[in-house]
Amino acid sequence: MTQFKIAPSILSADFGRLAEEVRAAERAGADWMHLDIMDGHFVPNLTIGPDVVAAVAKATRLPIDVHLMVREPDHLLEAFVAAGATALGVHVEACTHLHRTLSQIRKLGVRPCVVLNPATPASAIEPVLHLVDQILVMTVNPGFSGQKFIAETLPKIRELRTWIDASRRPVDIVVDGGIGPDTIERVAVHGANAFVMGSAFFKSPDYKQFVDGIRGQLAQFTS
Ligand code: DX5
Ligand code: ZN
C-alpha cells in the first residue's frame, strides 16, 4: 500500500511562534516536518541553522526532514544530525563528491536524500540511487516558498518512480515547490509519494481541515 507523507515546510510558518506552529502541524496530522536550510550562495536566500533545527526537533516527535540548499555541505552534516535531523537532503548540483556525501549521511545514521533542481535530469542521480532512502524532486527553483509549480518536472517524477519500483527498494519520492490542492493529484499520479508544502499548508485557515482534504484527494491513488 502506498504510504503518502505530508511534510509541511516551516519556511511559510510564523517564525515568531515557531514551536507552536510545529505542534499545530503535528496535531493536524502531518507526517514529517520539512526544514529548508539556505546558504545565500547556492540559493539567493538565507534561512536557519542547526540551533533552530534543534528547537523544532524539541517541539515535535515527527521526523525532521532537513533540505540543505547549501554549496558543498559536507562540513555541516554532523551538526544537523546532532540537532535532530532524521533525514538529510543534499543537492546533486551542490556536491562535488556526491557519492561520498551521501555515504557520509548514511554513516551518521540518518536517511540520505538526494535532491534535483528542475533543470537537472534523472540520469544525474542514477549512479547514487542505491545510496539513498529519499529522492527529492524540486518542482520550483529552490530559494523561496510561494512559487509556481513547474509542470515540466512531471516526466522526471515518472521516470524515477519506474526506476525505484524496479529496484524494489522502499525509496520515497518527494516533491517540493508549488504543491497544494491544485497540483497534488498531478504529482501523485506521476509517482510522488511524499509532498512538501509550505505556503499551501501554513496559509490555510485550518491545518487539520487542510490535511484531511489532501488525504481525501490522495485516496484515489492508494493501491
Ligand atoms: C523552496 C523550498 C521549499 C518551500 C516550498 O526552495 O525548498 O520547501 O518552502 O514552499 P511552497 O510549498 O510554498 O512552494
Ligand atoms: Zn524544501
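As an exercise, use a Förster radius of 30 Å and the Cβ-Cβ distance of residue 206 and residue 71 to find the FRET efficiency, rounded to the nearest 0.05.
Values: r = 39 Å, r/R0 = 1.28.
Efficiency computed from Cβ-Cβ geometry: 0.20.
How many percent of Cα pairs in region 5-54 exceed 14 Å?
54
Quote to one decimal, in nm, the extra length available between residue 78 and residue 96 on full extension: 0.36 nm per residue of separation minus the C-alpha distance between them.
On the way: separation 18, 0.36 × 18 = 6.48 nm, distance 1.82 nm.
Additional length available on full extension: 4.7 nm.
Just grab the label-to-label distance for residue 186 and residue 106, each label 7 Å out from Cα along the Cβ direction, in nm (one decimal).
That separation, rounded to one decimal, is 3.5 nm.
Relative to the Cα centre, what is the charge dipole magnitude of the chain, using +1 at the beta carbon of each Lys and Arg, -1 at the beta carbon of each Asp and Glu, and rounding to the nearest 20 debye? Don't skip to the answer; put the middle values down first.
Details: 21 positive and 24 negative charges, 87 e Å.
Magnitude of the dipole: close to 420 debye.
Report the local net charge at residue 41: Lys and Arg +1, Asp and Glu -1, summed over other residues whose C-beta lies under 13 Å from its C-beta.
My count for the surroundings of residue 41 gives -2.
Residue by residue through region 92-107, which ³J(HN,Hα) values in whole Hz follow from phi under the Karplus form 6.51 cos²θ - 1.76 cosθ + 1.60 (θ = phi - 60°), with glycine and proline marked x?
With the stated coefficients, region 92-107 comes to 4, 6, 10, 10, 5, 10, 4, 4, 5, 4, 5, 5, 5, 4, 4, 4 Hz.
Where in the chain is the longest stretch that carries no trypsin sites (Lys or Arg not before Pro) classed as loop by DSSP and with at most 10 other Cβ atoms within 10 Å? Could you put the intermediate results ahead of the total?
On the way: sites that count: 61, 148, 168.
Counting only loop sites that pass the neighbour cut-off, the longest clear stretch is 62-147.
Cα extents of the chain along the three principal axes, largest first, in whole Å?
43, 39, 30
Using the basic label-point model (7 angstrom from Cα toward the beta carbon), what is the residue 23 to residue 167 distance in nanometres?
3.9
What is the spin-label model distance, in nm, from residue 2 to residue 15 if the labels are put 7 Å beyond Cα along the C-beta direction?
Inter-label distance under the simple model: 3.5 nm.
Give me the count of lysine pairs in the chain whose alpha carbons sit under 26 angstrom apart, restricted to pairs 8 or more positions apart or on different chains.
Lysine pair count for the chain: 12.
Work out the P(r) tail for region 32-116: percent of alpha carbon pairs separated by more than 20 Å, whole number.
Numbers: 851 of 3570 pairs.
That tail contains 24 percent of the Cα-Cα pairs.
Values quoted throughout were computed directly from the atomic coordinates according to the rules given, and no laboratory measurement underlies them. Keep in mind it's a predicted model, so treat the numbers as computed, not measured. FYI the Cβ positions are ideal-geometry reconstructions off the backbone, even for glycines, and counts take in every protein chain you see.
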